[in-house]
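These notes concern the structure reproduced below.
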Amino acid sequence: MARGKLRIYLGAAPGVGKTFAMLNEGRRRRDRGTDVVAGFVESHGRSKTFEAVGDLEVLPRRAIEHRGATFEEMDIDALLVRRPDVALVDELAHTNVPGSRNTKRWQDVQELLDAGIDVVSTVNIQHLESVNDVVETITGVRQRETVPDEVVRQADQVELVDMTPEALRRRMAHGNIYPAERIDPALTNYFRPGNLAALRELALLWVADRVDEALEEYRERHGITEPWETRERVMVALTGAPGTEALIRRAARMAQRAHGELLGVHVRGDEGLAGPSSADLDAHRALLEDLGGEYHEIVSSDVASALTDFARLENCTQLVIGASHRSRVQEVVRGSVVNRVIRLSGTIDVHVISHGVVDAPSVLTVRRLHRVELGLSRRRQLAGWLVAVVALVVATAVLAALRGSVGLPGVLLLYLLVVVVVAVVGGIAPAVGAAIAAFLLANWYFTPPVHTWTIDEGENLLALVVFVVVAGIVSAVVAAAARRSADAARARAEAEVLARLAATVTADDPLRVLVAHLRSSFALDSVAILRNTDGQWTVEASAGPEAPVRPEQADVVDHLGPDVVLALRGRQLTADDRRVLVAFGAQLAAALERSRLSTAAASASALAQANELRTALLQAVSHDLRTPLAAIKASVSSLRQDDVTWDDDETAEFLEAIEEQTDRLTGLVGNLLDMSRLQAGVIEPQCRAVGFDEVVPAAVASLGEGAAKVDAELPETLPQVWADPVLLERVIANLLANAIAVCPESRTVHVAASAVNGDVALHVVDQGPGIPASERDQVFEPFQRFGDQRTATGVGLGLAVARGFVDAMHGELRLEDTPGGGLTAIVVLPVAR
């Protein structure tokens, strides 16, 4: 049985028209003769959605009892029995009521697809698992109903349903999305223009990425390796050399003109400290990111091949590299990266940009000299041997042809030229070999008697000996120059590494930066800082995969302190490398000490905060707690006076004052105890499904006379929330008490609630003086009263306790401006499932 096909309409936000698009698709297929059934359509009470269903066949829903309430879900069993060609299933990320066949609706859809039924479904971008945290950052609301990205990515078709923020807000204002009582809270919260624009961009980027994946799969499936210019991707090669800034800016302008993407690639060699360590590279990376580019770093010994392979992998259409300022001799000896890139680029356009400056070495190296006495790299030595063989053969053939016109001095001069060239190219070893070979060739072919090893004349013997000595001296001079050049390069690289090492002092997390820098500088597999605590090793910081967790697992171990070691895995270090490692060790030890001091400082700060809290508490007790006690004491003392006779009204007044001040004192002590429990972390909410309609009236009733100023409007269809009813009542009572205290006499405090995207938001609205946005965080701190109003009652704990309780119930409490003036406190809690 063939698996069914899945088509998904993806929206940037609720209300963009995903359900309409799904229903229109269903009608189109039905009109073409396809058997279509609406398995589940979520109308949210919208009349126009009911009208859009029209005459489509709608499968009856299944009623499920849960916690004394009845819920309706898609009847997956009936749909499998009905077995239509196409099933319309709304809200792919929906969580089914406990007792359903599957936990999630997307799992129901998978069953339908496995049964060979095509499915058309809908989902919003905020419900995708990979962007859930991003959406929370944008909107401030965490989506608890999510669907794995892989489910949506595996869909046969994903179509974006798009709408501008302005059009969506107009649709909301006209009542086409939410009922009237929910419109204002939605427009001032989730449906703000900035939120909608960010969600729209997020959806567009996700769909574009999905298109890229589909394109790559198609190219791979059909064996297409050449880039397709569906979208311009400009790649720029970064070396850290002077002039790279101009290169990056040129590439950025090219990408902007083509409305394409910009990628920056740095190829790091695989030889540890022999690799690049340019201090300017970080600045170039920052510039690239400022211009909207993405930075990538790859490790390879073949720069040209690495650049072109990466360009093909990322489907880049243009490659920007800087022109080389190497001399012709250097290009012959070392090769030309630019020429190799051009040869390997294929259909990729290569732009070679002249910097206008002479390149400093793009790679400053600290050479690990495997053969110190030779001073040159293995590649140059091999090139020297090759030049020696070819040049000696060619020179011998030419001299043999001119035997009659060229004497032995001329022969030796030509051979000496060959030896000098070989020494320049390959160093002392190939040069000495070439000198000995030239000596033997001159003796065999050009020293009488020829074709023998005998030398008749002493003058010829002297010439040959001098020739060998001169060749050896020239080779030694070239080798010494190469060693000095390598030492200078190493010194420059060491200075550069140490300069970058010193720059880590200002990093927020110097340990992490240092171990990463150490691993990169020495080309190690992994690095770890290990601490021995009572015989157990713990990792303080690490970089790289499979970092060692014990010293025995490392190739190199360096002690940073009595119980702390630096463990390196990947290779052994040379003596020169260990000299630089000492500097790293000193910096790491200093960073560990700073970390210890920071921990001690944090403890001291906590103690200081506790002292501040204690001082504030004493101040509060000295004023706000003594005031009701004094009133109670005065009333009781008055009633006990024997020389005064109080009538019934006066006695009732004293008793009312005692009761009022006792209630006030009880509230103050209760808030103090609550704050103590919150700071001790012992609050354990007993959450259950609870409705605001049962909590809000109780909270209002606890306000006494202030209840008359509260106007509550709670829709009957409001879903229950998952919360502790006792704590929630305390939260609402505290918010109402604060609102009543600042609300003008002629105004009331308005309470409203609405459900938005799996959450319920309760709004406590006052029309008082409000609080500036810059000072709103302060009112949630203990013993803080806005404006330090000494006439206000309480010790400034109401909002602090309220936020603590809401956080304990995994909700959110925030403050916003009230249109027309005032402050709105918003409590957001998850819907009970």
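Okay, residues lined up against (1) in contact with a Ser or Thr (Cβ under 6 Å, 6 or more places away or on another chain); (2) buried (at least 16 other Cβ atoms within 10 Å of the Cβ); (3) of a type in the set (D, E):
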site	(1), (2), (3)
S520	no, yes, no
G544	yes, yes, no
A547	yes, yes, no
P562	no, no, no
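If you scan the stretch 392-419, which residues turn out to be farther than 17 Å from W444 by Cβ, touching a residue at least 24 places away in the same chain (Cβ under 8 Å) and either open to solvent by 80 Å² or more (accessible area, probe 1.4 Å) or small (G, A, S) (or both)?
P409, the sole residue that qualifies.
Just checking, which of I436, I473 is at pLDDT 80 or above and either open to solvent by less than 20 Å² (accessible area, probe 1.4 Å) or out of contact with any Pro (no Cβ under 6 Å at 6 or more places or on another chain) (or both)? Before you say what the answer is, go through the steps one by one.
Values: I473 fails: at pLDDT 80 or above.
Testing whether each residue is at pLDDT 80 or above and either open to solvent by less than 20 Å² (accessible area, probe 1.4 Å) or out of contact with any Pro (no Cβ under 6 Å at 6 or more places or on another chain) (or both) leaves just I436.
Here are some conditions: (1) of a type outside the set (S, T, N, Q); (2) modelled with pLDDT under 85; (3) open to solvent by 70 Å² or more (accessible area, probe 1.4 Å); (4) not in a helix (DSSP H, G or I). V726 meets all but one. Which one does it not meet?
Of everything listed in (1) of a type outside the set (S, T, N, Q); (2) modelled with pLDDT under 85; (3) open to solvent by 70 Å² or more (accessible area, probe 1.4 Å); (4) not in a helix (DSSP H, G or I), V726 misses just condition (4).
Hey, among D162, D133, which residue is out of contact with any His (no Cβ under 9 Å at 6 or more places or on another chain), of a type outside the set (F, W, Y), closer than 24 Å to V41 by Cβ and surrounded by fewer than 18 Cβ atoms within 10 Å (Cβ to Cβ)? Walk me through it before giving the result.
Working: D133 fails: closer than 24 Å to V41 by Cβ.
From the options D162, D133, the qualifying one is D162.
Quick one: is A733 of a type outside the set (D, E, K, R) and either touching a Ser or Thr at 6+ places or on another chain (Cβ under 6 Å) or in a strand (DSSP E or B) (or both)?
On the way: of a type outside the set (D, E, K, R): yes; either touching a Ser or Thr at 6+ places or on another chain (Cβ under 6 Å) or in a strand (DSSP E or B) (or both): yes.
Against the criterion (of a type outside the set (D, E, K, R) and either touching a Ser or Thr at 6+ places or on another chain (Cβ under 6 Å) or in a strand (DSSP E or B) (or both)), A733 qualifies.
Out of the stretch 729-749, which residues are closer than 30 Å to G45 by Cβ and surrounded by 20 or more Cβ atoms within 10 Å (Cβ to Cβ)? First the steps, then the outcome.
Initial filter on the stretch 729-749 (closer than 30 Å to G45 by Cβ): 729, 731-732, 735-736, 748-749.
Result: E729, V731, I732, L735, L736, V749.
Out of all the residues in the stretch 400-416, is one or more within 15 Å of V477 (Cα to Cα) and part of a helix (DSSP H, G or I)? Give the derivation first.
Residues of the stretch 400-416 that are within 15 Å of V477 (Cα to Cα), as a first pass: 416.
Still in the running and part of a helix (DSSP H, G or I): 416.
Scanning the stretch 400-416, I find at least one residue that is within 15 Å of V477 (Cα to Cα) and part of a helix (DSSP H, G or I), so the answer is yes.
Can you find a residue in the stretch 592-600 that is at pLDDT below 85 and touching a Leu at 6+ places or on another chain (Cβ under 7 Å)? Break it down into steps so the answer makes sense when it comes.
Step one: list which residues in the stretch 592-600 are at pLDDT below 85, which gives 592-600.
If we keep only those that are touching a Leu at 6+ places or on another chain (Cβ under 7 Å) as well, we get 592, 595.
Yes, there is a match, as at least one residue in the stretch 592-600 is at pLDDT below 85 and touching a Leu at 6+ places or on another chain (Cβ under 7 Å).
Restricting attention to helices (runs of 4 or more DSSP H) lying wholly within the stretch 1-85, give those where 2 or more residues are open to solvent by 80 Å² or more (accessible area, probe 1.4 Å) and out of contact with any strand residue (DSSP E or B) (no Cβ under 6 Å at 6 or more places or on another chain). Give the derivation first.
Working: elements: 18-31, 47-53, 76-82.
Hits in the stretch 1-85: 18-31, 47-53.
Give just the number: which of (1) at pLDDT below 80; (2) open to solvent by 20 Å² or more (accessible area, probe 1.4 Å); (3) more than 30 Å from V424 (Cα to Cα) does A491 not satisfy?
Failed condition: (3).
Among the numbered criteria (1) at pLDDT below 80; (2) open to solvent by 60 Å² or more (accessible area, probe 1.4 Å); (3) under 60 Å from the mean Cα position of the chain (by Cα), which one does G426 miss?
Only one criterion is unmet by G426, namely (2).
Could you grab me the full set of residues in the stretch 550-577 that are in a loop (DSSP other than H, G, I, E, B) and not polar (S, T, N, Q)? Quick ask: steps written out before the conclusion?
Of the residues in the stretch 550-577, the ones in a loop (DSSP other than H, G, I, E, B) are 550, 554-555, 560-563, 570-574.
Residues satisfying the conditions are R550, A554, D555, L560, G561, P562, D563, G570, R571, L573.
Exactly one condition in (1) open to solvent by 50 Å² or more (accessible area, probe 1.4 Å); (2) outside any strand (DSSP E or B) is not met by A167; state its number.
Failing condition for A167: (1).
What number of residues within the stretch 146-159 satisfy the criterion of being of a type in the set (D, E), under 30 Å from W722 (Cα atoms) and either open to solvent by 30 Å² or more (accessible area, probe 1.4 Å) or over 26 Å from the mean Cα position of the chain (by Cα) (or both)? Let's see the steps before the verdict.
Applying the first criterion (of a type in the set (D, E)) to the stretch 146-159 yields 149-150, 156, 159.
Then keep just the ones that are under 30 Å from W722 (Cα atoms); that gives 149-150.
Imposing the further condition that a residue be either open to solvent by 30 Å² or more (accessible area, probe 1.4 Å) or over 26 Å from the mean Cα position of the chain (by Cα) (or both) reduces the set to 150.
Count: 1.
Looking at (1) within 27 Å of V690 (Cβ to Cβ); (2) among the polar types (S, T, N, Q); (3) in a strand (DSSP E or B); (4) under 39 Å from the mean Cα position of the chain (by Cα), which is the one condition that is false for S100?
(3)
How do the pairs read when you match residues in the stretch 524-541 that are touching a residue at least 40 places away in the same chain (Cβ under 8 Å) and closer than 19 Å to L573 by Cα with residues anywhere that are among the basic types (K, R) and part of a strand (DSSP E or B), using Cβ under 6 Å and keeping only pairs 6 or more apart or on different chains?
Every condition considered, the pairs that remain are D525/R569; S526/R569.
The values are calculated or read from the model by the stated rules, or taken from the named source; none is laboratory data. All values derive from a computational prediction rather than experimental measurement. Reconstructed Cβ throughout: ideal geometry from the backbone, glycine too, with neighbour counts over all protein chains shown. These accessible areas exclude ligands, DNA and RNA; they are computed on the full protein's heavy atoms, side chains included. Shrake-Rupley method; radii C 1.70, N 1.55, O 1.52, S 1.80 Å.
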